[in-house]
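The values are calculated or read from the model by the stated rules, or taken from the named source; none is laboratory data. These figures come from a predicted structure and were not determined experimentally. Because the Cβ atoms are built from the backbone with ideal geometry, glycine has one as well, and the counts that use them run over all protein chains shown. All accessible areas refer to the heavy atoms of the entire protein, side chains included, with ligands and DNA or RNA removed. Shrake-Rupley method; radii C 1.70, N 1.55, O 1.52, S 1.80 Å.
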Amino acid sequence: MTLITLVRHGQTDWNLGRRIQGSTDIPLNETGRADAYAAAERLADGTHHAVTSSPLARARETAQIIADSLGLPLGDAVADVREREFGEGEGLLVDEYLATYGDWHAEVPGAETLDAVGDRALGALHRIARESRERTAPVAESVIVVAHGGVIRAVIDRVSGGTLPRDGDVLANGSAHRFEVSPHSVRLLDQFALV
């Protein structure tokens, strides 16, 4: 068993402006850096062994701040925890996106489905856990993975059988969601805001 804590990256200017980032590589703003330091402070209360992240700059910088603050190594980026590709929806304001496409489950040209995001993210969590078990067996390891709101939402949806997160639930920048990952299961243990 491996504990994986998914942390949403810190704020960007596009988050602040309610603009859809998707795979567009937008950096953290100053509030986002503060989010990352606050996340590190809260995570310091637990035992963690490694930090990794999506390859996108906002996640990578958040992960670097957390790793440095906790005195942990920052592992290689994990491509399959990158944010959902929104296709033609990328760069739109959230209100524009919803007015154009109706909801988050709509088929948008060039966009990934939420199911596809869930598949690749869960596959990544299992690979991270397997590699962790190979390094540390028989001792359980705790890994922090900095990812994105859409990825975390897709994982929670999948492991809760579609009951969480509820419509309207916001996954705040810097929030964390802890999972227990075993060879054939992923279970949500808890979720909390870090900032």
- Identity of the residue in region 130-182, at positive phi and without any contact (Cβ under 8 Å) to a residue 40 or more places away in the chain, that ends up least open to solvent (accessible area, probe 1.4 Å): 162
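Which one of these is under 18 Å from residue 154 (Cα atoms), open to solvent by 50 Å² or more (accessible area, probe 1.4 Å) and in a helix (DSSP H, G or I): 115, 103?
115
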- Query: Do any residues in region 49-72 that are part of a strand (DSSP E or B) have Cβ atoms under 9 Å from those of residues that are open to solvent by 10 Å² or more (accessible area, probe 1.4 Å) and charged (D, E, K, R), where the two are at least six apart or on different chains, and which pairs are they?
  - Reply: 50/135; 50/141; 52/76; 53/60; 53/61
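Yes/no per residue for (1) over 27 Å from residue 123 (Cα atoms); (2) open to solvent by 30 Å² or more (accessible area, probe 1.4 Å); (3) of a type outside the set (Val, Ile, Thr); (4) in contact with a Cys (Cβ under 9 Å, 6 or more places away or on another chain):
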residue	(1), (2), (3), (4)
35	yes, no, yes, no
39	no, no, yes, no
45	yes, yes, yes, no
70	no, yes, yes, no
74	no, yes, yes, no
82	no, yes, yes, no
85	no, yes, yes, no
95	yes, yes, yes, no
98	yes, yes, yes, no
